[in-house]
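Note sheet for the following structure.
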Amino acid sequence: IIAENNIDISSYDRIIALVNPLYGVGGWSFIGKYEKTINNVEYRVSNAVVGVQFMPWGSSDNDRFMWNWEYGALIHEMGHSLGLLHASGWDCDNQVLSGDCKHIGYGNYFDNMGGGSSRRSLHFNGVYKEMLGWIDPSQILTITQSGRYSINALETTNGIKFAKIKIMDYNNFPLSLEYRKAIGYDSGLNNQEVSSNQNGLMINNIIEPFGERPFTRLLDMAPHPGT
C-alpha cells in the first residue's frame, strides 16, 4: 500500500495499522520509536497494530467518543508507541508493600496501560502523564516531609495534578499519589462497583529498573488475606 500510493514515510513519526480480523487480539505495539525498514528504506518510527473489531466506530461524534472499553485498545497501544510500559499492580496478601508479594501485570484497573477488558477508566496515571510531558512540573507536588497537602483531581486542568513522595536523604521518588474523579474519559469511575475509589487516593509505587524504562504498580491500600 505504501509503495503503490507513493507515501512518504519520512513525513510521519508514528504508524498505526487497523487490521480486520486480528484474531481476537486487541493489538500490539513496540515501546517507543525504533529503526524500521520499509521498501528498503530505514526510518525511525513507532509502529502499532489494532484490531478494527475493537473499534466500534459510531455514527456521530457523540457516539464516537462515548465511554466504551474498546476505544482503550487504540489508546493502550498508542501509549506503548509513546514509550509507556504497562500499569501493573502489587499484591502482598494482607500487607501493602512487603511480605508475600507478587507482581500483577496489567494490575492497575484504573489506567489505560493496565486492566485489559476489566479496566474502569481510560486516563494514564500521573507518573506516565509526567513522562509524556502532559503535566507541567509546576502542577506536580513534591512531598519531602510529613504534613497536610492538597491536590486536585488528575482529570482537571488547573492546580496540582498529583504528588510524589521523596525518600529522605535519597533522590528517588518511590511513591505517587493521585485523586481520581469520574470526569470525561474517566467516567467509568461512576460504575457502582468502583465508585468508592473516588473517595480516597490511588497510590502507585514507581519502579525504576537500572537501564530500563520506569513503570508503575498500583498498591492495594486496603489489603485482605487471600485477595
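The values are calculated or read from the model by the stated rules, or taken from the named source; none is laboratory data. What you are looking at is a predicted structure, and each value in this text was computed from that prediction instead of being measured. SASA here: full protein model, heavy atoms, side chains in, ligands and nucleic acids out. Shrake-Rupley method; radii C 1.70, N 1.55, O 1.52, S 1.80 Å.
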Heavy-atom accessible area with a 1.4 angstrom probe orders His80, His123, His224, most exposed first, as His224, His123, His80
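Using a 1.4 angstrom probe on the protein heavy atoms only, line up Met202, Met168, Met78 by accessible area, largest first. Mind showing how you got there, number by number?
Details: Met202 15, Met168 135, Met78 50 Å².
The ranking, largest first, comes out as Met168, Met78, Met202.
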Once you keep just the Cα pairs under 8 angstrom separated by 6 or more residues, what percentage relative contact order results for the chain?
15
For helix 71-81, what angle does its Cα long axis make with the longest principal axis of the chain, in degrees from 0 to 90 and rounded to 10?
90
What does the accessible area per residue of the chain come to in Å², with a 1.4 Å probe and no ligands, DNA or RNA counted?
57
Please report the carbon-and-sulfur percent of the accessible area for segment 108-227; probe 1.4 Å, protein heavy atoms only, DNA, RNA and ligands left out.
51
Where only alpha carbons of segment 174-227 are counted, the Rg and the Dmax (Å)
13.8, 41
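Please tell me which of these pairs span more than 26 angstrom C-alpha to C-alpha: Lys102/Lys164; Lys33/Lys129; Lys33/Lys161; Lys129/Lys166; Lys102/Lys166?
Lys33/Lys161
Per-residue ellipticity at 222 nm for the chain, helices alone: DSSP H runs ≥ 4 residues times -39500 (n - 2.57), over residue total, nearest 500 deg cm²/dmol?
Counting only the DSSP helices, I get -2500 deg cm²/dmol.
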Go from 0 up to the bin containing the longest alpha carbon distance in segment 129-200, width 5 Å each, and give me the % of pairs per bin.
3, 15, 22, 22, 18, 12, 5, 2, 0
So for segment 100-227, what percent of the C-alpha to C-alpha distances run longer than 26 Å?
20
What are the ³J(HN,Hα) values, in whole Hz, obtained from phi via the Karplus relation 6.51 cos²θ - 1.76 cosθ + 1.60 with θ = phi - 60°, for each residue of segment 159-174 in sequence order, with x given for Gly and Pro?
x, 6, 7, 6, 10, 10, 9, 9, 6, 4, 6, 10, 9, 8, 10, x
At q = 0.12, 0.14 1/Å the base-10 log of I(q)/I(0) from the Debye formula over the alpha-carbon atoms of the chain is -0.75, -0.98
Can you give the accessible area of Trp90, probe radius 1.4 Å, in Å² rounded to 10?
50
